[in-house]
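Report on the following structure.
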Amino acid sequence: MTRVMTMIAMGLAMLLPHAPVIAADATSPATKSKHQMVVLVVNCMKKRMSVNKEMSYNAAAKVCKNQVNNQSNNPVSVAQVASDSPAKP
């Protein structure tokens, strides 16, 4: 019985410090926009690398990051990028 209570207490002690971080992520607009930017970069990289098989991962990452960063300054372009369908495997 003591071991069970100890294990439960240890489990709760590990989970509780992360609760505020999880709650902050859900409401933080900066985190959401960062996540959206990552999704846009990943989709762009998938498209570029599927079209050009000789393009390196690093080159695709650099081009796509620049593209997404440039489009983030223009809200209309971001909507167009976000509406693109992901590359098919």
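Since every read-out is calculated from the coordinates, none of them should be taken as a lab result. No experiment lies behind these values; they were computed from the predicted model shown. Here the Cβ is made from the backbone with ideal geometry for all residues, glycine too, and neighbour counts use every protein chain on show.
A simple spin-label model places pseudo-atoms 7 Å from Cα toward Cβ; at residue 55 and residue 6 they are separated by 5.7 nm.
Per-residue extension of 0.36 nm, minus the Cα-Cα distance of residue 63 and residue 46, leaves a gain of 4.9 nm for this segment. Considering every alpha-carbon pair of segment 36-77, the percent of pairs per 10 Å bin, from zero through the bin containing the longest distance, is 32, 52, 15, 0.
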